[in-house]
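Have a look at the structure below before the remarks.
The values are calculated or read from the model by the stated rules, or taken from the named source; none is laboratory data. Predicted model only: the values in this text are computed from it and were never measured. Every residue, glycine among them, receives a Cβ derived from its backbone with ideal geometry; neighbour counts consider all protein chains shown. Accessible surface is based on the protein model in full, side chains and every heavy atom, while ligands, DNA and RNA are left aside. Shrake-Rupley method; radii C 1.70, N 1.55, O 1.52, S 1.80 Å.
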Amino acid sequence: MRAPAALLALPLAAGCGIGLLLFESEQFAVRLAAAAALCALAAMACCADDRPADATSCVVLGALVAGISLGVTSARRAYHPPLLAWFESAGADAHASVTLRGTLREDAAASAAGVSLAMDVTHAGTVRASGGVRLSVAGALAIDAMREWRAGRHVRVIASLRAPIAYVNPGVPDERRSLARRGVALVGSVKSAALVDVVSRGSPIDEWSARVRAWTRSAIARSVGPWSERSAGIATAIVIGDRTGLSQEDERRLQEAGTYHVIAISGGNVAILAVLILAFLRAVRVPRKWASALTIVALLAYSRVTVAAPSVDRAIAAAVIVLIGRLIEQHGPSLNVLGVAASIALAVSPVTAFDPGFLLSFGATAAILVGVAASRASSRSNSASSRARAAPSLVRACRGLLTATIAAELALGPMTAALFGRITIAGLLLNFAAIPLMSIVQSGSLAALAASAIDPRAAFWSGSIVHGAARGLVDSARLMEVAPWLAREVAPPSWPIVVIYYAALVTAVSIPRMRRGAISVVMLSALVIVIAPQATARDGIASAPRGTLRVAFLDVGQGDATLIVLPDGRAMLVDAGGLPAAPLRDPSDAAAFDIGERVVAPALRAFGVRSLETLVLTHGDPDHIGGAPAIVRSFRPRAIWEGITVPRHAPVALMREYALARGAEWRNVQTADRIHVAGVDVIALHPPQPEWERQRVRNDDSVVLMLTYGAVSVILPGDIGREGESAVLRHVRRSRLTLLKVPHHGSATSSTWEFVRAVNPSAVIVSAGRDNRFGHPAPVVVDRYRTIGAAIFSTAADGAVIVDIDGTNALITGWGSRRSLLVGLPNGLPVGTMNTMTR
């Protein structure tokens, strides 16, 4: 077999994934490890008896069982570290200030909330409690002090801790599990840089690495920064993996274009660096073996200099394996090297099996190796092979790049759809520009770094080349603005479809006689992934019954986002969430947490929404409109409704320009505006026509909508307070059954007795964040609704709250709590009778 390491890597990866899902006891892991050892002994016995097929089966089974054992052990360490156990046992005291001691995992980085610190904790207060935290340091002193907060240094910090935010909606992954797999058990805040003390420096290697990173940032800023700060940020990202200088817009544009991979240090970057080092050493006549050995040392040193990231470690591990093979004169197939590198990565960190970067990088590399090899074999067997060999090297390079890109896209299509809800073919074209431009940025930046120590003028002119390539790299992604059809937002496909796709793809590659049928299955599966109306298998969300009005109050933390799916399938969205309580920076994340892209959009796709008829912005507060740009970008609403215009409010003004540029109709709605669509009356109860020009956003100017379907009404009041509620009551039309989203997240300044008694809802839904700093919903407000007998649901306790209305009854379901309630007029009983069902 050409790649025997694959027999180890594939079942090991599958086993790690199964183990992470099983998450059983340590004793279970020990028993599995014993079973894996028995499989290894059986494999050796089979080899001794010259039974290769049986030995292969034992190796595969042993790797699978070993992977499960590693996954179970790793899951317990990641999901339940001692620090988290301490936090849970400490209760309310853990949320107050606590002194943490530990080691900084990475250099401090500027973030939207101040300065971000990643720390491996050893002590919490006086208790030994190991685990990772990510802290946001506020205050004006933080930016100046961050240069002293370097990876490897031991610090003492006084911080307030909390559990990471979880958004409980269909289609939205558990962010807490994702952070835990990256070694972050808790997050928190530090009020001032004065509360962060550097107790001692790190090891000599850590200190040297930090100095090199700081010098690299400074040198690139001096050589590339005068031409463009944006280009300097791109160069820094490509050279040392520090993406803090990238704008969120640039990252998003590259992601949509499918060329984001070129600014993340991976196999391509490491390969270029290794080739440059080898070429230099050979040019100065260093012997071949010594050149390989010195290159290994240089790559290992480079791994310490770059910002800590699994992708860097994996790429350098693969390069080192290849160079070791050169040293001992063992030139195995590249696919075998890839299998060895994957096995090492999984053995060191089993949680890597769920890391999107691991799946994408190894999947793409394997596909490229197999695809290019198959293309070369086909060319050799072709009668025109002599002409192909005579083709110019540039043509051959383009042909090879196209083959590699097609192979990678075929391999990663379902994976990117499952992970990111998007399929793009723009990369097929843009890689022809992006990869050469990335190579120029990397080579030019290294040249500028070398020149900066000798001749600043030479470094400056090298920076001009870097700037030109970096600008071309970002501008090439503007193709998506010209041809948006090159990318498609899709629902995360069900796992059975993904399994069928990859099984057919492997069959088409490995079994020639079954190739035609397997390719047909691949194409059919791809078609299902692209045009499937919704993903029901993975998240268990079923379509609303025909003729049903569905209203889903999404869990967006301390904010609002309400999805309305009309009986004919068209969709409206009222508000789009905002910023999380503390947007914390992670090297693998984008410039900021975009709640529209990361939470609201996946939830809409899980509900089967592909486009929006209308987006309603109740008012301009960030917890209501923060996610709107991502929603406009992905779902292209035909119309956007706004209430009272605030001319000086920049976020909404920018939203208006953004939406109009994409062909959306912008409409101001006022009291008594009404539309009737699909049997549903949508009536604006507020705001009235303004008597003066607003200078700032006011809660009491919120758009208030009432949806009436048959005998049931739903009122969505935005953030109105006492003044707004008084105005709304003059226009409320009583229904036999009313459901209410509690005004202003349950604030004590809203839900007055007059409003509560007049509306008299049978059920209310509170949209508020868990443990939010405002104390929403206020206990006095909750008591008022309990007094009138209303059923109370909350996104903080129940996750997304889904209401299905057939015109007479309303079935209310909490997605996270699995609590269901049927309210209405069953069997002709009086209004207010409730049937409760718990599932």
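Identify, by number, the condition in (1) assigned to a loop (DSSP other than H, G, I, E, B); (2) modelled with pLDDT under 90; (3) open to solvent by less than 60 Å² (accessible area, probe 1.4 Å) that THR671 doesn't meet. Evaluating THR671 over (1) assigned to a loop (DSSP other than H, G, I, E, B); (2) modelled with pLDDT under 90; (3) open to solvent by less than 60 Å² (accessible area, probe 1.4 Å) leaves (2) as the failure.
Of the residues that make up region 193-214, is at least one closer than 22 Å to SER476 by Cα and open to solvent by 10 Å² or more (accessible area, probe 1.4 Å)?
Step one: of region 193-214, the residues closer than 22 Å to SER476 by Cα are none.
No, the conditions are met nowhere in region 193-214.
Kindly indicate which of GLU613, GLU642 is more than 24 Å from SER543 (Cβ to Cβ) and modelled with pLDDT of 90 or more. Before you say what the answer is, go through the steps one by one.
Values: GLU613 fails: more than 24 Å from SER543 (Cβ to Cβ).
That would be GLU642, the only listed residue that is more than 24 Å from SER543 (Cβ to Cβ) and modelled with pLDDT of 90 or more.
For region 255-275, enumerate the residues that are part of a helix (DSSP H, G or I), open to solvent by less than 10 Å² (accessible area, probe 1.4 Å) and either closer than 17 Å to LEU430 by Cβ or in contact with a Lys or Arg (Cβ under 6 Å, 6 or more places away or on another chain) (or both). Residues satisfying the conditions are ALA257, VAL262, ILE263. Candidates in region 486-502 are the residues that are in a helix (DSSP H, G or I) and of a type in the set (A, V, I, L, M); of these, the one that is nearest to PRO414 (Cα to Cα) is VAL498.
Quick check: is even one residue across region 123-130 open to solvent by less than 10 Å² (accessible area, probe 1.4 Å) and polar (S, T, N, Q)? There is no residue in region 123-130 that is open to solvent by less than 10 Å² (accessible area, probe 1.4 Å) and polar (S, T, N, Q).
Counting only residues that are in a loop (DSSP other than H, G, I, E, B) and either within 21 Å of VAL556 (Cα to Cα) or open to solvent by 80 Å² or more (accessible area, probe 1.4 Å) (or both), region 752-777 holds 11 of them. For region 614-647, filtered to residues that are without any contact (Cβ under 8 Å) to a residue 40 or more places away in the chain and in a loop (DSSP other than H, G, I, E, B), the residue that is nearest to the chain's Cα centre (by Cα) is ARG636. Scanning region 155-177 for residues that are farther than 17 Å from VAL115 by Cα and in a strand (DSSP E or B) gives a single hit, ARG162. With the condition kept exactly as written, say whether any residue in region 149-156 is over 30 Å from THR813 (Cβ atoms), open to solvent by 20 Å² or more (accessible area, probe 1.4 Å), among the small types (Gly, Ala, Ser) and within 26 Å of the chain's Cα centre (by Cα). No.
If the condition is being within 32 Å of the chain's Cα centre (by Cα), within 19 Å of LEU811 (Cα to Cα) and free of Cβ contacts under 8 Å to residues at least 60 places away in the same chain, then region 759-792 contributes VAL764, VAL766, ILE792. Across region 215-254, the number of residues qualifying as more than 17 Å from LEU446 (Cα to Cα), surrounded by fewer than 19 Cβ atoms within 10 Å (Cβ to Cβ) and without any contact (Cβ under 8 Å) to a residue 40 or more places away in the chain comes to 2. Scoring GLY724 on the criteria (1) over 37 Å from the mean Cα position of the chain (by Cα); (2) over 16 Å from GLY620 (Cβ atoms) leaves a single failure, condition (2).
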